[in-house]
1. By how many nm would the segment from Asp125 to Ala46 grow when fully extended, if each residue of separation counts as 0.36 nm and the alpha-carbon distance is taken off?
2. So which of Lys28/Lys123; Lys28/Lys155; Lys28/Lys107; Lys28/Lys101 end up more than 24 Å apart, counting from Cα to Cα?
3. Rounded to the nearest whole Å², what accessible area per residue is found for the chain with the 1.4 Å probe?
4. Can you show me the helix-derived [θ] at 222 nm for the chain, built from DSSP H runs with n ≥ 4 at -39,500 (n - 2.57) apiece and divided by the number of residues, rounded to the nearest 500.
5. Packing-wise, with mean Cβ within 10 Å as the measure, how do 34-40, 114-120, 99-105, 60-66 rank, highest first?
6. Mind checking which aspartates and glutamates have their C-alpha under 14 Å from Lys109, skipping anything on the same chain fewer than 8 residues away?
7. Let me see the pair-distance distribution of segment 74-119: every alpha carbon pair, 5 Å bin width, integer percents in order.
8. Take the alpha carbon gyration tensor of segment 32-119, find the square roots of its eigenvalues, order them as a ≥ b ≥ c, and report rounded if a/c is under 1.5; if not, report prolate when a/b exceeds b/c, else oblate.
Amino acid sequence: MPADRLLSDERITLTILTAKPADPLNPKIAELNAVGAINASCLVYADDFTWTATDSERVGERALCEPSTSESPGVGAYDLSFTAWRYFDTATLAVDVTADKLFQAVKVKGTRIYPYVRRGGKKYDAIWAVGDEFQLGGEVLTDTPQSPDNGGFIKYKIPLLAQRMKDFGTISA
């Protein structure tokens, strides 16, 4: 029987660690499922979630005797950002710091966070397990939050600057 393809609906998990893992390129299951880990899957706007590798830098050094257009991949590059909704207490209209935990964690430019994205068969709220594959994760810095528009919900786009990233890692115990 052939394998099935899945729509990504409800199958993208974005977990953000605010505390540095022992090895940011190889997070452990206990770190990703820790009490302080933020499952941000329902806290970000899906339509502009950007979490992908882009073309690597290219190194084009060749000898005069070699054919032209001889290139090698250099340093990897990434396009990373998400838009976080803000959350307010309906009685007082003040910021609800507990519900607003994602924005509170990323609102200051230069904050170091450790996000990991799982895209696959599991739903967004399934806990991480040994052997789970993360698509892309590691160490990033936040840039200045940007207000994307004047309508709809109060939200801010958070540009992220990749520091050290790993593509397609596997979670261990």
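1. 26.9 nm
2. Listed pairs above 24 Å: Lys28/Lys155; Lys28/Lys107.
3. Result: 61 Å² of accessible area for each residue.
4. -1000 deg cm²/dmol
5. 114-120, 99-105, 34-40, 60-66
6. Asp143
7. 5, 15, 21, 20, 16, 10, 6, 3, 2, 1, 0
8. Here segment 32-119 falls in the prolate category.
The values are calculated or read from the model by the stated rules, or taken from the named source; none is laboratory data. Just so you know, these numbers come straight off a predicted model, no measurement behind them. Quick reminder, even Gly has a Cβ in these numbers, built from the backbone with ideal geometry, and neighbours come from all protein chains shown. Side chains included, ligands, DNA and RNA excluded: accessible areas come from the protein's heavy atoms. Shrake-Rupley method; radii C 1.70, N 1.55, O 1.52, S 1.80 Å.
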